[in-house]
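Taking it in order: structure first as structure tokens, then the write-up.
Bear in mind these aren't lab numbers, they're just calculated from the coordinates by the rules spelled out. No experiment lies behind these values; they were computed from the predicted model shown. Counting neighbours? That spans all protein chains shown, and the Cβs are built from the backbone with ideal geometry, glycine included.
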């Protein structure tokens, strides 16, 4: 009687012990970090959208003063429509090709806008136009917000991916969240290329 | 025999469990992996942190008085900072990280703004918290810098520039106080349409919840009102890179 009782008590104890061990691991970490990356990603998209929304006004204002810069202006308009027309697949964060494509199309728009702002330097009249100055500061601010949003996204993905790849998060995810996948992130080099510092 | 077998199994399982617990403990102690380094920020010693020593004592007192009065009336936090240098960071980068590190602005509403002056780099920035981006827009921030701050800075009169700039920021944010010589041109150009502002707010709320989780997470640093007595600290607001930069 005593002999059979003790192993059972021990078993229960072990199960409790194991449960405590699991509780000590943050079993909600994976979905929580997952939500964080999604929110950070929405903010990235939001800021890119904001930049795209500024473009038509900016192009119109610049065109009013610098018609001969047709080539640069067309490049901006085309890059914008390419960036905004791209269909984002729902799994973009886990899809390296789509993610890269997204990154490239946004980088192309960033580059085209930077070239436009360089060209503008030749037109003092434009540079003193109130509307242009306002748009320029909004564009500058938006580029800055994009880089903050991207950095926040990179950090949340780093946290999420680390959780998924390291023990014990890896075990927890293996048992409880088998569908969780490592997410794509921006490469810093791309970011540096995308937002060249323009001195105003 | 059976008991013996169970005991062995028990000790092995216990060893495994201990190992798992140990790993968990390490995991929670080690916390998050090392992320990109932060600049070293000055101590938030008050509403005016004059690390670069650009302000006289009366000017500092005067500005602090304005900021305190404004915060009491509106629950919005504005802080003036001068730094010795930016430690190699772009001022935009330094600014929003400083704002987040100090948590300027009301928690959840992010109603904070910072006037950051870096005389060594000859750069000045108005850093605007998420919640004030609709009023203190990029264009308005830039106008404040161009019209109120840079003219004085170009003459080497930092004190006047900082006083005018602070007053202009407060005026835009609805301050009722009086400061002569401040120029405010309200831009008709709105930075955000109401719809995108709404989307921004919704996203932000989601982001906040996602970050702290429903259980645990970081808690606010005490009650808002208690802060006006004695020491001063940020309310836990956050920044997303809004504002404008000026160079002279």
- Item | Semi-axes of the equivalent ellipsoid for the stretch B:49-93, Cα gyration tensor, largest first, Å | 24, 16, 4
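For the stretch A:106-176, what D do you get in µm² per second when you plug the Kirkwood radius from alpha-carbon pairs into Stokes-Einstein at 37 °C and 0.692 mPa s? Mind showing how you got there, number by number?
Working: Rh = 15.4 Å.
Rounded, D is 213 µm²/s.
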- Please order B:104, A:92 by the number of other Cβ within 10 Å, starting at the fewest. A:92, B:104
- What is the distance, in nm, between label points placed 7 Å from the Cα along the Cα-to-Cβ direction at residue A:11 and at residue B:57? 7.9 nm
- Peptide-level mean, for B:136-142, of C-beta atoms on other protein chains within 10 Å: 5
- Eigenvalues of the alpha-carbon gyration tensor of the stretch B:76-184, times 5 and square-rooted, give semi-axes in Å, largest first, of 20, 19, 11
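Report, in deg cm²/dmol and to the nearest 500, the calculated mean residue ellipticity at 222 nm for chain A, where each DSSP H run with n ≥ 4 adds -39500 (n - 2.57) and the sum is divided by the residue count. Kindly include the intermediate steps, with their values, before the conclusion.
Details: 8 runs with 155 residues, N = 200.
After summing the helix terms and dividing by residue count, I get -26500 deg cm²/dmol.
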- If you count, for every residue in A:126-133, the Cβ atoms of partner chains within 10 Å of its Cβ, what is the mean? 2
- Show me B:237-244, B:174-181, A:160-167, B:142-149 ranked by packing, highest mean number of other Cβ atoms within 10 Å first. B:237-244, B:142-149, A:160-167, B:174-181
- Message: Can you say what percent of the DSSP beta bridges in the stretch B:63-169, counting only those with both residues inside, are antiparallel? Round to 5.
- Response: 50 percent
- For A:35-42, mean number of other protein chain Cβ atoms within 10 Å: 5
- Query: By how many degrees, between 0 and 90 and to the nearest 10, does the Cα long axis of helix A:29-65 differ from the longest principal axis of chain A?
  - Reply: 0 degrees
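As a footprinting exposure proxy, order A:123, A:33 by other Cβ within 10 Å, with the fewest listed first.
Details: A:123 16, A:33 26.
Final ranking by Cβ density, sparse to dense: A:123, A:33.
What is the order of B:114, A:154, B:184, A:12, fewest Cβ neighbours within 10 Å to most?
Numbers: B:114 25, A:154 20, B:184 14, A:12 10.
Fewest to most other Cβ atoms nearby, the residues stand as A:12, B:184, A:154, B:114.
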